[in-house]
Amino acid sequence: MTATHARMVPWNGDLFRTRFFDALSLLLPSGEAFVIDAISDALQADGGQGVSAPALRDEALRFVREEATHQRAHRRYNERLAQAGVPVSKLQGRVAAAVQDLAGLPLPTRLALAEAFEQLTALLSAQVLQGTAWLQGDGREARMWRWHCEEEVGHRHVASDVARAFGVGYARRVACLALATLYLGIDLSRLMTGLLWRDMVDGHVRPLGLLGQATRFAWRTAPGVGRMAIASLAGLLPRRLA
């Protein structure tokens, strides 16, 4: 099988749905590196006094290990995309450059962004695990994504707990959730556009066929997107009101 032909085979029902997850995988290694660094820096700040509760430190260390495992899994996934003809290095380089712009921010802001990225990832993961609107099949890629989503849901509270233990304020958390949503939305849209444009140029899908796939995907996932929005807004409430 040639590299060009391999790119024609969707593993997730259709090409649009497949490219959605391919674009996510291109985003994740850099995003997870940012989150790992923020949590690790919080654990080391002030000689470890910023996050002093032993139970929380243990959870945070386990969180870092799990995120590193996710990173490795997505790097292998992206290597397979590269073997199939996707310009992975170029696309990931743009993502890494965008994330690098955030790396110099003060630690409280980076923790608020890490919390926001994890919250958005966990909300999406919870929807992916419900039915087949987002994810179909039982192949290698689908199994990897379900495993990743289950772990994201399982440790979704850790970044938030670390941020609160470090004293990150409510206003900063709200602002960073808005910024993280903007970053992820722009980057995911840009990556999907690049992937699908190449697919159309290479003749793997016709524009009208792609439009039909996108419409079906939007229709089926709309309830989940609504639930994500409601849960995200609820998460912004101060704890005494939530």
Study note, to complete from the structure: Those residues of the stretch 114-144 which are closer than 24 Å to ASP37 by Cβ and among the aromatic types (Phe, Trp, Tyr) amount to PHE117
Exercise for review: Kindly list the number of the only condition in (1) open to solvent by less than 20 Å² (accessible area, probe 1.4 Å); (2) outside any helix (DSSP H, G or I); (3) over 29 Å from ALA234 (Cβ atoms) that fails for TRP134.
Suggested key: (3)
Revision key, fill the gap. Considering residues that are more than 24 Å from the chain's Cα centre (by Cα), loosely packed, with under 14 Cβ neighbours inside 10 Å and assigned to a helix (DSSP H, G or I), the number found within the stretch 189-210 is 3
Review point. What number of residues in the stretch 101-116 are touching a residue at least 12 places away in the same chain (Cβ under 8 Å) and surrounded by fewer than 22 Cβ atoms within 10 Å (Cβ to Cβ)?
Key: 5
Exercise for review: Confirm whether HIS155 is touching a residue at least 24 places away in the same chain (Cβ under 8 Å), in contact with a Lys or Arg (Cβ under 8 Å, 6 or more places away or on another chain) and closer than 20 Å to SER40 by Cα.
Suggested key: yes
Check your understanding: Take the residues of the stretch 155-172 that are open to solvent by less than 50 Å² (accessible area, probe 1.4 Å) and under 17 Å from the mean Cα position of the chain (by Cα): which is nearest to LEU81 (Cα to Cα)?
Key -> HIS155
Point to revise | Criterion (open to solvent by less than 40 Å² (accessible area, probe 1.4 Å) and of a type in the set (S, T, N, Q)) met by exactly one of THR181, THR221 | key: THR221
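The values are calculated or read from the model by the stated rules, or taken from the named source; none is laboratory data. As the structure is a prediction and not an experimental result, all values here were calculated from the model. For neighbour counting, all protein chains shown are included, and Cβ atoms are generated from backbone atoms with ideal geometry for every residue, glycine included. For accessibility, only protein heavy atoms count, side chains too; no ligands or nucleic acids. Shrake-Rupley method; radii C 1.70, N 1.55, O 1.52, S 1.80 Å.
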